[in-house]
Structure formats: C-alpha cells, structure tokens
1. Considering only Tyr31, Val118, Leu95, whose Cα is most displaced toward the positive end of the charge dipole of the chain, charges sitting on Cβ of Lys, Arg (+1) and Asp, Glu (-1)?
2. As a test of the formula, what do you get for the chain when each DSSP H run with n ≥ 4 contributes -39,500 (n - 2.57) and the sum is divided by the residue count, at 222 nm and rounded to the nearest 500 deg cm²/dmol?
3. Find out how many positive minus negative residues lie around Glu188, taking Lys and Arg as positive, Asp and Glu as negative, among other residues whose Cβ is under 11 Å from that of Glu188.
4. On the accessible surface of the chain, probed at 1.4 Å, how many percent belong to carbon and sulfur atoms?
5. With axes computed from alpha carbons, what is the tilt in degrees of helix 269-296 against the longest principal axis of the chain, rounded to the nearest 10 within 0 to 90?
6. Could you give me D for the chain, from Stokes-Einstein at 10 °C and 1.306 mPa s, where the hydrodynamic radius is the Kirkwood radius over C-alpha pairs? Units µm² s⁻¹, please.
7. Give the Rg/Rh ratio for region 166-211, taking Rg as the radius of gyration of the Cα atoms and Rh as the Kirkwood radius, to two decimals.
8. Hey, got the dipole for region 6-243? About the Cα centre, +1 on K and R Cβ, -1 on D and E Cβ, debye to the nearest 20?
Amino acid sequence: MMLPSANELLVVDRAVYTNAFNTKPFGFEHYLHRLPMFQPDALAALAGKYGAEPGDYYISQSAPTPGTRFFDVKSKPSKPDEALAMLATSPTRMLLKRPEKYDSAYRDLLNTLFERVVELRGGLNGEKVVRLESALFISSASATTPFHFDPEINHFFQIEGGKQYHVYPPSAIRVEELEDFYVEGKIEIGQVDLRTRDKSLEHVFNLMPGRGFHQPQDAPHWVQTGGERSVSYAFVYETNASRARGRILAANHYLRKIGVHPQDPGANAGSDSAKASVMKVVVPVRRRIVRNLNRIR
Ligand SMILES: [Fe+2]
C-alpha cells in the first residue's frame, strides 16, 4: 500500500516541535486512522499472528484508579485474539508490541514516521538510534492505565475511539526519583506516586481519531479510555544520548549517597560523559548483583 506523504501523515507546527521536543508534551494531527492497516478487520488479523509470541504482547485488566501501582493490576492469561473478542464484556487493556515484526505495512509506516520526526527535530546531530519500535494499544471502554513514566521518546496516535491522556512534563519527576529508577538499569515502567505531583503541570489531551501528541522521555502519565473501544498506535525510540542520560542519573544516585551534590544531566558535558561511561560498567554489574541476591534470598 502506498502511504500518503510524510507531511500528510503527521501535521505539526514546526516551531512548537523544535521548542518543546523532549521537554514538554504537545499535540499534533495525523492521518493514521484512515490507513487500511488500522481498520478493525486488519487489527483482528494482526492480533491472530501474536498467539505464539508471549514476549510480544501484554494483556491486563483495567486499573481501579489512576494512582494504582502499575504492576498491582493483574495481567490476563488470554491470547490477543481471545482478548480482542472479549473486549466489550471484560474490561481489558492489550498491548501488541512491535507490529512491524508481523506486517511490512507497519515497518514502512514506522520508517516513514521516524524519518519525519527526525527531520522535525533538525536531524539527529550525531546521535545514534539504539532502539526504534512501535506498539498498538487496544482497550475496552472506560479502562484506566495507572500513573507511570517510560524511559523513551514517544509519539502517540489515536486511531479509534476516544482517550483522555493525562501527562506531565519530565520536570514533574523529582531528580532523586529518576536516579532511583535508572540506577536499577530498568528499561520500562517507572513507578511514581500520582498524589505528590504538581497538578498545575498536568496537560490533558482529549484524543480522538486523527489526534496525537508527543510524550518526552520520562514524562509521567495516566490514561482513561472513553465510552467505546479505543485503539492507539505509538512509536518510541532511544538514542545513545537518551540512554546516556539514564546512566548519568544513575551515577548521580551514587554521588548523592557519598554526600556530593551532583549536577543534573546537561549541565556539564565533560562530567556527563565521564559519568555515562563509568555507569556503562556499573549498572549492568549492579543488576547482576541484585539478581544473584534475589536468587539467594
Ligand atoms: Fe506509558
């Protein structure tokens, strides 16, 4: 299938993009909901391809409240095609990871969108992409995804139904919270408390088909679907610089422990790169130590 031009796929104010990229969430318009690969029959066919790959999907219940801890919500043993069939009767959130592995239309879309956003940010300026992947979120009506943050740069597209997306800029996370997360070498789901956030920083996007927004790395969020089934698409990426940011925060965790008041990432390029290279070694070792301790316990 021929995609429309990259400019038609994602329509955004260039000045807004340049100014707010990876620091503040901002909205845009898109064309994805009109593409054949996102129509209900195509989605059902895609879900059918996931059955044998449990590492590529995650199915869970709706959270009772936005402040519920992420992994306190039970996962469901169903397969994607079963979950899809029961969406109307059993409150469910389904994540289909990396559809580009299963259908080349998703691969073409991902490449086209990625080129578009790299052009919008003014090129990668020497940064190397270390991960680029997309995902589909298919949820029941009135389903809640609880508050958390993700260590990756996100562009989010509403395809079907409505979604109310509550998102804060990364500055809403305290630096010690980020350090605690990155020091564990985790790659997904930063758990933070909703009650202690500064509510005045919250952006609410009332997403409907054709609307989307950019979510910076570490921007915490919670999400509520509307009165009908919701389908969303997102793609995320990490660069060597976005990963280094995590390692710098991890280094600062240790510096703080020994009584030093470290500089936040970005304040000093020289000490940033020293911290990042030290932690390239320390974080994996720490992760291995924690794993072994857990085995002994
Ligand atoms: Fe998330």
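1. Leu95
2. Computed ellipticity for the chain at 222 nm equals -10500 deg cm²/dmol.
3. 0
4. In the chain, the share of accessible area belonging to carbon and sulfur is 54 percent.
5. The angle comes out at about 80 degrees.
6. Roughly 79 µm²/s, to the nearest whole number.
7. Rg/Rh for region 166-211 comes to 1.06.
8. Dipole size: approximately 280 debye.
The values are calculated or read from the model by the stated rules, or taken from the named source; none is laboratory data. Everything quoted here is computed from the prediction, not taken from an experiment. Cβ coordinates were reconstructed from backbone atoms using ideal geometry, including for glycine residues, and neighbour counts include every protein chain displayed. Ligands, DNA and RNA are excluded from the accessible area calculation, which covers all protein heavy atoms including side chains. Shrake-Rupley method; radii C 1.70, N 1.55, O 1.52, S 1.80 Å.
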